[in-house]
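All remarks here apply to the structure that follows.
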């Protein structure tokens, strides 16, 4: 068995050595590529800068024309389209009375109710005063009590 282990180790050691050589070659190749790219960039930079200026000179007027078109031609159409869509999407207006109108109506109803109560009590006091003169019962207008009441405290109506 010791023979097998030694046979296996030799190829493994050999593989590690080969892998190390390949990795070192890759590092050297990457370094050379980087150096070459730097040299090429230094040579091409003036030409690239000149081309960049030409492209900027060509594109600037076209960008201005596009901006004018969007501002004067496209934007009003898009705005009109969006306004039309908004009108279609908006739910219909409900015809509900406003809160102020509802509160005013409630105030009128409450005032009418209070006036009705006051008039009813005034008429009741008048009727009791007329009835007490005829039947001899004493009525107190302030406390609304009748002296001719039952034992249970119930007021009898004069018939």
#### Entry: Given (1) at pLDDT below 80; (2) within 33 Å of the chain's Cα centre (by Cα); (3) part of a helix (DSSP H, G or I), index of the condition residue 134 fails
(2)
### Query
Which residue out of 37, 101, 26 is surrounded by 10 or more Cβ atoms within 10 Å (Cβ to Cβ) and modelled with pLDDT under 85?
101
### Selection status of residue 76, more than 35 Å from the chain's Cα centre (by Cα) and either part of a helix (DSSP H, G or I) or exposed (fewer than 10 other Cβ atoms within 10 Å of the Cβ) (or both)
no
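The values are calculated or read from the model by the stated rules, or taken from the named source; none is laboratory data. All of these numbers come straight from a predicted model, not from anything done at the bench. Note that each Cβ is placed from the backbone with ideal geometry, even for glycine, and that neighbours are counted across all protein chains shown.
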